[in-house]
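Chemist: This is the structure I have questions about; it appears just below.
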RNA sequence: GGAGAGGUGGAUGAGCGGCUGAAAUCACCUCCCUGCUAAGGAGGCACAGGUCUAAAACGCCUGUCGAGGGUUCGAAUCCCUCCCUCUCCGCCA
């Protein structure tokens, strides 16, 4: 959520920045509502003040034993007027708030302008896509030939966009998770956390998935809980309604969780294989930092995710999302894209974002600034470190040999009973 | 699932329907005193919104004692619903 004062005082500047990311802010409607709000709020507060002072005088009069019937009569008359005014104010503020909750974050000045994915400038590349002496297969063919990956069984058990894995491949996924968690906790200073996979609406509101993106979520209607679409939700909401002392920052958490996405609106996209599933595993990095540190933290966090790809020796590139491709809550995002021989393409495997105070404002995540002793909003960041399902796909496709065997990356072998291949 | 207890500021914790945005203590901040340390003394110290302002500070106003409703001229205090925490019993991976 944006600062409402900013919107009020610098409406045209805000609208211009939002326009860069393709969001049109209805300025005249906002101005109109704002005028109404101001007028109504002042009137309501005037009436409240009136009621309070008169009620107090009743108390005093009674204490002196004076007759109060006339006074009481006069306050009672205020009641209807006050109630009507309060209801009106409430509805105006609700409308304003709903608009505000639907406004995306402002892009940081360093974010390149552009309309879509195609305009995301590449920042750097690491590694070189391997040339195969044979036609490389995609992970679906590889997995099915090994009899370790089965989409039909998954479809029987549940439906489309789920996977069933068995044997070494299932273990390789677990190895990846272990390796990522170990690296981030031991080398990058993150604290491992285990979190709920079902969250309430307040948490989703806090990180920005609600109210706008409800259709992307799985909802348990009975309890009004939602399956998490990313660990970002439960992990970042750790900070909701918290005021951190300055010396507790930065908070750096890493969590492995499954993620559940309805993928509404992506029918026909990536229907083959494990690239786009309703359920997938992810290791997520989350940081809560002082505002002045957040852009350094974004570079560092992105580097932490990159380390994993480098250790796995998977070629990748880093792109900076342009204004038009930026996610709702993000001020700036780097995507890491891994090379997939089966598709002959770089595909997203991690997304690292600085949300600045956007999420913090929604969830009242604050810190006590020693400068002025006052609570101030902190900045939140997160990034996949990495998407495990896609990392598994990348390994299968990049490490395959002519016979359909898959070599196990060096760093994972200790997690795989020191085996060198999956066959 | 059954029975009970409870949710108040950064923390602990008082609170009769009006003079309580909230005692007290701790923590914190400023100052004084003081060989050092410890102790002592004076004062300050919730958050949010509005208004004022070029912007702020100050001031003024409003709201907030788990959440939402209600009763009342007036609610932290009374009533209802919900949420959460704790204890005991039952069940359970």
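Chemist: Quick one: residue A:57 ticks every box in (1) within 28 Å of residue A:202 (Cα to Cα); (2) surrounded by 12 or more Cβ atoms within 10 Å (Cβ to Cβ) bar one, so which box is it?
Modeler: Unmet for residue A:57, out of (1) within 28 Å of residue A:202 (Cα to Cα); (2) surrounded by 12 or more Cβ atoms within 10 Å (Cβ to Cβ): (1).
Chemist: Of (1) modelled with pLDDT under 90; (2) within 30 Å of residue A:398 (Cα to Cα), residue A:63 satisfies all except one. Which?
Modeler: Result: residue A:63 passes all but (2).
Chemist: Another question, if that's okay. Name every residue in segment A:55-73 that is more than 6 Å from RNA strand B (Cβ to nearest atom) and in contact (Cβ under 8 Å) with a residue 12 or more places away in the chain, in order of residue number.
Modeler: Answer for segment A:55-73, where residues must be more than 6 Å from RNA strand B (Cβ to nearest atom) and in contact (Cβ under 8 Å) with a residue 12 or more places away in the chain: A:57, A:71.
Chemist: Then there is this: Test of understanding: among A:179, A:134, which residue is surrounded by fewer than 16 Cβ atoms within 10 Å (Cβ to Cβ), over 23 Å from the mean Cα position of the chain (by Cα) and over 25 Å from residue A:262 (Cα atoms)?
Modeler: So the residue among A:179, A:134 that is surrounded by fewer than 16 Cβ atoms within 10 Å (Cβ to Cβ), over 23 Å from the mean Cα position of the chain (by Cα) and over 25 Å from residue A:262 (Cα atoms) is A:134.
Chemist: Assuming residue A:31 fulfils every condition listed in (1) within 30 Å of residue A:327 (Cα to Cα); (2) within 9 Å of RNA strand B (Cβ to nearest atom); (3) in contact (Cβ under 8 Å) with a residue 12 or more places away in the chain apart from one, which condition is it?
Modeler: (2)
The values are calculated or read from the model by the stated rules, or taken from the named source; none is laboratory data. What you see is a predicted model; the values in this text were computed from it and never measured. Using ideal geometry, Cβ is built from the backbone for each residue, glycine included, and neighbour counts are taken over all protein chains shown.
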